[in-house]
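One structure is given here, and the rest of the page talks about it.
The values are calculated or read from the model by the stated rules, or taken from the named source; none is laboratory data. What you are looking at is a predicted structure, and each value in this text was computed from that prediction instead of being measured. Glycine gets a Cβ as well: all are built from the backbone with ideal geometry, and neighbour counts include every protein chain shown. Note: accessible area is taken over every heavy atom of the protein model, side chains too, but ligands, DNA and RNA are not part of it. Shrake-Rupley method; radii C 1.70, N 1.55, O 1.52, S 1.80 Å.
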Amino acid sequence: MAEAIQKKLKAEVEKYTLTQRDVKKSMAVRQKLEAQLADNNIVREELELVDSSNTVFKLIGPVLVKQDLEEAKATVAKRLEYISGEIQRYEATLKDLEEKSDKQREVLASLQQEYQKAEGLAGGKV
């Protein structure tokens, strides 16, 4: 009986490890998105300081291309909207993963207790 519980326990530990790995990956992506959001907010603020008499350039590969100020503002606004949406999506994913992790932790705890009881019963029979 203890061996069956031990196998279950091992499988649950693997599931828990995979969930934790997913949490770490999602957190890393979310941090990158937060950095991109901060960068784009700085760009938006700088574009607000520029008037129509100034020239705005966009970096495309190794080349700077002249860009219309309003087009640049619109592009940055769309980028900010997209990044904010992605951050919200990753926050929802993280919340789901953490709930899953909590449930798996509970399952692990109950399996550990079962295993200890089974080991205790097996040890008492010897």
note = Place a point 7 Å from the Cα of ALA92 in the direction of its beta carbon; the residues of region 24-54 whose amide N falls under 12 Å from it are none
query = Of all accessible surface on region 28-84 at a 1.4 Å probe, what whole percent is carbon and sulfur?
reply = 55 percent
ask   = With all protein chains present and a 1.4 Å probe, how do LEU37, LEU18 order by accessible area, largest first?
value = LEU18, LEU37
message = Considering all alpha-carbon pairs of the chain, what whole percent are spaced by more than 27 angstrom?
response = 51 percent
message = Please report the equivalent ellipsoid semi-axes of region 53-126, computed as sqrt(5 x eigenvalue) of the Cα gyration tensor, largest first, in whole Å.
response = 62, 13, 5
key: Accessible area in square angstrom per residue, the chain, 1.4 angstrom probe   = 76 Å²
note = CD proxy, 222 nm, the chain: helix-only mean residue ellipticity via -39,500 (n - 2.57) per DSSP H run with n ≥ 4, per residue, nearest 500, stands at -31500 deg cm²/dmol
request  = Mind listing the long-range amide H neighbours of VAL56? Cut-off is under 5 Å, sequence gap 5 or more, other chains count too, H placed in the peptide plane at 1.01 Å from N.
outcome  = GLN67
query = What is the extension gain from ASP102 to LYS25, computed as 0.36 nm multiplied by their sequence separation minus the C-alpha to C-alpha distance, in nm to one decimal?
reply = 26.0 nm
